Amino acid sequence: MTDVLVVGAGPAGLAAAAAARRRGAMVRVIDSAERTGGQYWRHLPESRPSGRESVLHHQWGAYQSLRQALESDSGCTIDTETQVWAIERRADGSLRVNLAYGDVDGTRVTETVVPDRLVLATGAHDRALPVPGWTLPGVFTAGAAQAMAKGERIAVGDRVVVAGSGPFLFPVTASLGQAGARVVGVFEASRPSRMARHWLARPWELMGASHKVSELAGYVAHHLRGRVPYRTGFGVVEIHGTDRVEAVTVARLDADWAPVPGTERRIACDAVCLGHGFTPRLELAVAAGCELTDERFVRVDGEQRTSVDGVFAAGEITAIGGVDLALAEGEIAGWVAAGGRSADASVRAARRARDRFARFAERIATAHPIGASWSTWLQDDTIVCRCEEVDAGTLARVAESTASVGLRSLKLTTRAGLGLCQGRICGRSVEQLLSGSSGCAAFADGATTDRRPIAAPLRIGDLARAPQSTETSPHHIP
Ligand SMILES: Cc1cc2nc3c(=O)[nH]c(=O)nc-3n(C[C@H](O)[C@H](O)[C@H](O)COP(=O)(O)OP(=O)(O)OC[C@H]3O[C@@H](n4cnc5c(N)ncnc54)[C@H](O)[C@@H]3O)c2cc1C
């Protein structure tokens, strides 16, 4: 019987686990979060349940049936609040997956697992580009605001501005409204012509994703009912306030996202949510040795195999495509990891869904790319790396004056990306500012900020203690 270890209990990981069980593998699912469901099905705490929770989520029934099937299955173990903090490669090609769980200040346990097959479904972080004033209290990433609204029923402010790019701004606006905030404006940086060109192309393909279209229509109706102003080709270019957010300046952006002089407008608000797309959580895939694509996602083949034997990837780490793509990829990854083939009839529907929603993902990527000139709204003293408080002026000066062309030495010179978050928040922005380029930066040393050998902070004491076991199969019976 094949043992499959799944990292991530979001839509992709849960679908992978269910498919691997269906194919007969013993499965263990690991997630650092308190509950399963990932970012999409982030739900209310068990101590404060709501009988109407289903209205807060799309496809809630799909989650409930995945969860119930896996939780009641003795062939599947789900370990939440368990962090994969590192993956090591041995000379013989096997992988050691290092876990930590238990109370950080008390009974922290480390464990090492050597799985037969590994499915990585670690999802994505939401990305917020730096803006002057974005370190003021009252500024949130759109994902954080969404997490608070969905997971705690807390609105981040009374009068909220939502800005950035991509369809994610819609559910965030809706959730803020449901949590009691008044959204005073949504500013989508992509220009209407680009959005129309890519969203309206090949309309027949959208038929296959009709529930996405009706989801979108629901959000538009919400906007209209709430009279929420929605402007395309606009962005927040400065955030104002003394002790906290008091207002923003929005401006028209050109096709590359450079602010158009003379179009600035000030809007009073007490909170701002910034969301400029998503960055895949690649640290474990990079540590496992998986190849990345030019766009910096995990490269997978039609069976969701990565370039590393026995390692599969699914969900937002392979492309930003939303829940349906994550579910379909997860199902195929789990099935094949457990010994099946992607051509098997059992995953035919998943295969079709993957093809359909991969095209949907392409639409999102082409309709909402980050503009090459976004950094023109920065000021010299705009903090870019929040942990180490490195500003845009410092990065620009170092990029200009240093003879170094390696990211590692540039990071050591500026300390950008070396703080607690290890570049999760600022990494891509720092790369772009240091390289002076707008797209995927390429440094002479081949380094990127996706490489984080220690994937999560760990105490020296926990490292020093011997792991609980070193050669366990992933199916963990406590
Ligand atoms: C903050 C945020 C909020 C979002 N909200 C919405 C929304 O409301 N609506 C919408 O349509 N889309 C939303 N999205 C997009 C959404 O992420 C995807 O559509 C979908 O959840 C992707 O599924 P996934 O399984 O690939 O990843 P995820 O759902 O992100 O699941 C990945 C899981 O992996 C776990 N993980 C990662 N690294 C480790 C590790 N080292 N050790 C242990 N566990 C680990 C994480 O805790 C997480 O639970 C959101 C994204 C983000 C980042």
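Here are the numbers for the structure shown:
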quantity: Residues (within 14 Å of the ligand (Cβ to nearest atom), open to solvent by less than 60 Å² (accessible area, probe 1.4 Å) and either not hydrophobic (A, V, I, L, M, F, W, C) or not assigned by TED's automatic domain parsing to the domain that holds ALA247 (or both)) located in the range 137-158; calculated: THR141, GLY143, GLN146, LYS150, GLY151
quantity: Test for ILE364: is it at pLDDT 95 or above and β-branched (Val, Ile, Thr); calculated: no
quantity: Extreme residue, nearest to the chain's Cα centre (by Cα), among residues of the range 354-378 that are farther than 19 Å from PRO203 by Cβ and assigned to a helix (DSSP H, G or I); calculated: ARG354
quantity: Exclusive hit being open to solvent by less than 10 Å² (accessible area, probe 1.4 Å) and within 30 Å of ARG23 (Cα to Cα), set LEU129, LEU120, LEU176, LEU169; calculated: LEU120
quantity: Output for the range 116-134, where each listed residue is within 12 Å of the ligand (Cβ to nearest atom) and under 16 Å from LEU169 (Cβ atoms); calculated: ALA124, ASP126, ARG127, ALA128
quantity: Filtered residue count, the range 336-355, keeping only those that are over 22 Å from PHE170 (Cβ atoms) and either hydroxyl-bearing (Ser, Thr, Tyr) or within 16 Å of the ligand (Cβ to nearest atom) (or both); calculated: 5
quantity: Test: residue in the range 303-315 that is among the small types (Gly, Ala, Ser), within 26 Å of ALA447 (Cα to Cα) and either part of a helix (DSSP H, G or I) or open to solvent by 20 Å² or more (accessible area, probe 1.4 Å) (or both); calculated: yes
quantity: Within the range 268-284, tally of residues that are farther than 18 Å from ALA189 by Cα and either in a loop (DSSP other than H, G, I, E, B) or within 10 Å of the ligand (Cβ to nearest atom) (or both); calculated: 7
quantity: The one condition in (1) under 30 Å from LEU176 (Cβ atoms); (2) assigned by TED's automatic domain parsing to the domain that holds GLY61 that ILE370 fails to fulfil; calculated: (2)
quantity: Selection status of VAL139, touching a Pro at 6+ places or on another chain (Cβ under 9 Å) and over 15 Å from THR279 (Cβ atoms); calculated: no
quantity: Residues (in a helix (DSSP H, G or I), farther than 29 Å from LEU458 by Cβ and either at pLDDT below 90 or open to solvent by less than 10 Å² (accessible area, probe 1.4 Å) (or both)) located in the range 391-425; calculated: GLY393, ALA396, ARG397, VAL398, ALA399, GLU400, SER401
quantity: Qualifying residues in the range 373-390 (those that are open to solvent by 60 Å² or more (accessible area, probe 1.4 Å) and among the polar types (S, T, N, Q)) - the one nearest to GLY417 (Cα to Cα); calculated: GLN379
quantity: Where a residue in the range 324-344 is in contact (Cβ under 8 Å) with a residue 40 or more places away in the chain and its partner, wherever it lies, is open to solvent by 10 Å² or more (accessible area, probe 1.4 Å) and aromatic (Phe, Trp, Tyr), with Cβ under 9 Å and at least six apart; calculated: ASP324/PHE360; ALA326/TYR40; SER342/TRP335
quantity: Any hit, the range 266-275, residues being more than 25 Å from CYS421 (Cβ to Cβ), modelled with pLDDT of 95 or more, assigned by TED's automatic domain parsing to the domain that holds PRO132 and open to solvent by 50 Å² or more (accessible area, probe 1.4 Å); calculated: yes
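The values are calculated or read from the model by the stated rules, or taken from the named source; none is laboratory data. What you see is a predicted model, and the numbers here were worked out from it, not measured in a lab. No Cβ is skipped: glycine too gets one built from the backbone with ideal geometry, and neighbour counts run over all protein chains shown. The protein model used for the area step is the full one, side chains on, heavy atoms only, and it has no ligands, DNA or RNA in it. Shrake-Rupley method; radii C 1.70, N 1.55, O 1.52, S 1.80 Å.
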